[in-house]
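The values are calculated or read from the model by the stated rules, or taken from the named source; none is laboratory data. What you see is a predicted model; the values in this text were computed from it and never measured. Cβ sites come from the backbone with ideal geometry, for glycine too, and all protein chains shown count toward neighbours.
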Amino acid sequence: MSYSRVAFVAADTDQAREALETLTKRYGQCAPEKAQVIVALGGDGFMLETLHDYMNLDAPIFGMHRGTVGFLMNSYEDDDLLQRLERATKVSLYPLHMVAKTADGKIHNALAVNEVSMLRQTRQAAKIRIFIDDRERMNELSCDGVLVATPAGSSAYNLSVHGPVLPIGSNILALTPISAFRPRRWRGALLPHKANIRFEILEFEKRPVSAVADRTEIRDVVEVTVREDRSVTLKMLFDPEHNLEERIVAEQFAP
């Protein structure tokens, strides 16, 4: 596809702002709402913010690495950008929808591109009961927390707590414990993308837990439901030689 209307957005760093100035002088600047493609300049954290900020737009997002971690980013070059965009491959991602009920009875909704995490709020371990499609699968998990990761997010926090890396398009979600104390040997589960995952927080007054959907944190939750939301499609562009599918495969063989 030929792209003529490009919107550039940048992280608040010197490196990203310099790239923004260079690229806008060379290719012009379009408002994101009118753009055919959005070019995000920064690291993976900024890419995550960009996906959230422009989730309701139809324009795909092409990231260029001007930050710290660049797993989701293409390499930065200011030459031949329009040609790179034409050659880029498109990847469709689907976020997780979190519904969290707090101790005061309020209901909170949020979307997550990477993962939804349950995290203990105090020195005491959390105690969590897990249901999959309304069937109890674990009566009590004593842990620092537990998370549900998408394939795109499986190489982020999920990988850091020894969860599996999932190929894009695998239609699988990773359910991964964080420092499980009991059952000590449980390493998590792979679930179909249609699974409805529900967490009940046990002894929530004594052992409070927060639920985090990417950048949204809800504290003092008592029940959290997580499912994939296919009513929302996130579109990303990657250079053919550095596509996301290849990066996720390569990550599994990283030293």
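Looking at the structure I just gave you, is MET55 under 24 Å from GLU115 (Cβ atoms), surrounded by fewer than 22 Cβ atoms within 10 Å (Cβ to Cβ) and modelled with pLDDT under 95? Yes; evaluated as a whole, the condition is true for this residue. Restricting attention to the range 149-183, the residues that are in a loop (DSSP other than H, G, I, E, B) and among the β-branched types (Val, Ile, Thr) total 4. Just to verify a result, which residue in the range 67-123, among those that are out of contact with any Ser or Thr (no Cβ under 9 Å at 6 or more places or on another chain) and of a type in the set (Lys, Arg), is farthest from LEU234 (Cα to Cα)? Of everything passing the filter in the range 67-123, ARG123 is farthest from LEU234 (Cα to Cα).
The residue of the range 110-147 that is surrounded by the most Cβ atoms within 10 Å (Cβ to Cβ), among those that are under 10 Å from the mean Cα position of the chain (by Cα) and part of a strand (DSSP E or B), is VAL116. Every test in (1) crowded, with 17+ Cβ neighbours inside 10 Å; (2) within 19 Å of the chain's Cα centre (by Cα); (3) of a type in the set (D, E, K, R) is passed by LYS101 save one, and that test is (2).
When you look at LEU72, is it surrounded by 18 or more Cβ atoms within 10 Å (Cβ to Cβ) and either assigned to a helix (DSSP H, G or I) or outside the structural domain of ARG219 (by TED's automatic domain parsing) (or both), yes or no? Yes.
Taking the criterion of being modelled with pLDDT under 95, out of contact with any helix residue (DSSP H, G or I) (no Cβ under 9 Å at 6 or more places or on another chain), part of a loop (DSSP other than H, G, I, E, B) and under 30 Å from GLN83 (Cα atoms), would at least one residue in the range 184-196 satisfy it? No, the range 184-196 contains no residue that is modelled with pLDDT under 95, out of contact with any helix residue (DSSP H, G or I) (no Cβ under 9 Å at 6 or more places or on another chain), part of a loop (DSSP other than H, G, I, E, B) and under 30 Å from GLN83 (Cα atoms). Between THR89, THR68, THR13, THR22, the distinction of being out of contact with any His (no Cβ under 8 Å at 6 or more places or on another chain), touching a residue at least 12 places away in the same chain (Cβ under 8 Å), closer than 21 Å to PRO167 by Cα and polar (S, T, N, Q) belongs to THR89 only.
Among the residues of the range 88-98, those that are surrounded by 13 or more Cβ atoms within 10 Å (Cβ to Cβ) and either of a type in the set (Lys, Arg) or not in a loop (DSSP other than H, G, I, E, B) (or both) comprise THR89, VAL91, LEU93, LEU96, HIS97, MET98.
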